[in-house]
Amino acid sequence: MNIIIAGAGKVGFNLARTLSPSHSVTVIDRNAEALQRLQESLDILPINGDIEDPQTYRKLIDREADLFIAVTDIDEANLISTLIADDRIAVERKFIRLKNEFFAKSSIREKLGITEAIFPLQLTSETIRSLFAYPRANNVKSFVYTDFKLISVRVTGRKEAAPLGLENAAVVGIEREREFWIPTEPDPLIEPGDLVYLFGDEKEIRRLCPELETEAPEAIERCVIFGAGELGISIARKLLEEGKEVKLVDRDIRQCEIADEALEGEVMTLSCVYGTASLFEEEGLAHADVVISATSDDEYNIIKCLEAKERGVRKVVAVNNEMEYYNLMHRLGIVVVRGPKMSAFHTIIEKIHSSRVVTERKYCGGKGALFLRKIFPGSHLIGETIKPMRGKEGVMLLWIRETAMHPFTEPVPVEEGDVLAAFAVEEEADSVESWLNGL
């Protein structure tokens, strides 16, 4: 594909790095140094200029692009760039990153012909809110084609290795220390301390969670958020909608004032300019059911979570902004949630790789990929018998029919409404995607 990326920041850089090996990538940014760094390590076409200036696109006039992606930090710049790209370039699809949730509810996306609008703040805060329905889970993912969920749980309630005794669910990933793999069977031996990825019937996984994870609280009502910036405010709003008690803490007094005004005084905002040690006792932060550290500084997020654990808080959540801190957070027993920039990157990659036939979702920090293919009315596969993919390690195939799930290890006659689920380690994701699309 011919792909144009407007913005060479962290999201734009990661997109270019991921896409450039197999696609023709052009990156536009006014920061010449950022473009130079990109060009030194990646095979891209750099264009130095303001993405809001039509003259910047003069080299691309009358060219065709399969995809235009606007991912700067400024909503207005991203919106204007999509308009200019439409006028100057023949663009098939347009993806845009936006912060203001107003645009999610308006008709602007349709009016501008935007294919996909990604709201990273909303994605991160919604991910955190989903944990409140599953207090013992590390992460929860829902899907379009099935009611089954993908839920990760840290095993703290078992002392010996044993299978889980699953019914209508499967273990589709295990992270043990620094290693992640997809087991060869749906119900393998699970060891204490494993982070287990379970896919299947929600009721079955809910039944297992209290048995597997015994350290997390049974319910979450009292919440503390470190970081009163845009993300902290967005998370606080989601938790208020759930009727939770929320306290918001920040080192910047002015930011506390901004948050208090934005949340209309419904949240207690606390300044920790002189440190947080006294606040844990004086303001009762140690009695919280969950502490969420949602700043843009991963090291600070780790420290706040560890402080909370030392004071007896049973569930701690850290927003992860830099991939290199992901494994460390896991090893420290911290629940990890993608930060806005990582959410934007992963969501865009998932949408690029998804089609009308096959959808893709990443899990375990991108180490695993889940592909879903639904058999729609009129599909050429209905009535045919298809064979499973063979000879691939790190791949698990499941067949979903109505509300039941089965291992896909033998040929299956296809019926309308069936869903094929394929789980693959990162190294096998491309081959699995190709196989599914080629059925």
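The values are calculated or read from the model by the stated rules, or taken from the named source; none is laboratory data. This one's a predicted model, so the numbers in the text were calculated from it and none came from an experiment. A quick note on method: Cβ atoms are made from the backbone with ideal geometry, for glycine too, and the neighbour counts reach across all protein chains shown. Each accessible area value is taken on the protein alone, full model and side chains, heavy atoms only, with ligands, DNA and RNA left out. Shrake-Rupley method; radii C 1.70, N 1.55, O 1.52, S 1.80 Å.
What to note about this one:
- Of all accessible heavy-atom area on the chain, the percent that carbon and sulfur account for (1.4 Å): 46
- Three-way shape label, the stretch 289-348, alpha-carbon gyration tensor, a/c 1.5: prolate
- For the chain: rounded, prolate or oblate by the Cα gyration tensor [a/c cutoff 1.5]: oblate
- In percent, rounded to a whole number, the relative contact order of the stretch 137-282 is 18, using alpha-carbon pairs under 8 Å and six or more apart.
- Prolate/oblate/rounded label for the stretch 369-439 (Cα gyration tensor, a/c 1.5): prolate
- Net charge contributed by nearby residues that have their C-beta within less than 13 Å of Ile302 (K/R +1, D/E -1): -4
- Cβ-defined net charge surrounding Val290, 15 Å radius [Lys, Arg +1; Asp, Glu -1]: +4
- Note on exposure: Thr385, Thr184, Thr403, Thr56 ranked by accessible area (1.4 Å probe, complete protein assembly) read Thr184, Thr403, Thr385, Thr56, with the most exposed listed first.
- Calculated FRET value between Glu218 and Glu167, using beta carbons and R₀ = 22 Å, to 0.05: 0.45
- Ellipsoid semi-axes in whole angstrom, largest first, where each is sqrt(5λ) of the Cα gyration tensor of the stretch 277-321: 18, 10, 8
- Packing-based ranking, highest mean first, of 190-196, 406-412, 362-368 given that Cβ atoms within 10 Å are counted: 362-368, 190-196, 406-412
- Net charge in the neighbourhood of Ile69 (other residues with Cβ under 11 Å of its Cβ; Lys, Arg +1, Asp, Glu -1) is +2.
- Normalising the average separation of contacting C-alpha pairs (under 8 angstrom, six or more residues apart) by the number of residues puts the relative contact order of the chain at 11 percent.
- Note on exposure: Phe95, Phe103 ranked by accessible area (1.4 Å probe, complete protein assembly) read Phe103, Phe95, with the most exposed listed first.
- Pairs from Lys111/Lys351; Lys10/Lys111; Lys111/Lys374; Lys99/Lys203; Lys362/Lys387; Lys238/Lys351 whose Cα-Cα separation, in the structure shown, is over 23 Å: Lys10/Lys111; Lys111/Lys374; Lys99/Lys203; Lys362/Lys387; Lys238/Lys351
- Relative packing of peptides 120-127, 236-243 - highest average C-beta neighbours within 10 Å first: 120-127, 236-243
- By the helix-only formula, in which each DSSP H run with n ≥ 4 contributes -39500 (n - 2.57) and the sum is divided by residues, the chain has a 222 nm mean residue ellipticity of -9000 deg cm²/dmol.
- The fraction of all Cα pairs in the stretch 133-284 landing in successive 10 Å bins from 0 to the largest distance is 10, 31, 24, 23, 11, 1, given as whole percents.
- In nm, spacing of pseudo-spin labels at Glu427 and Met268 (7 Å Cα→C-beta vector): 5.2
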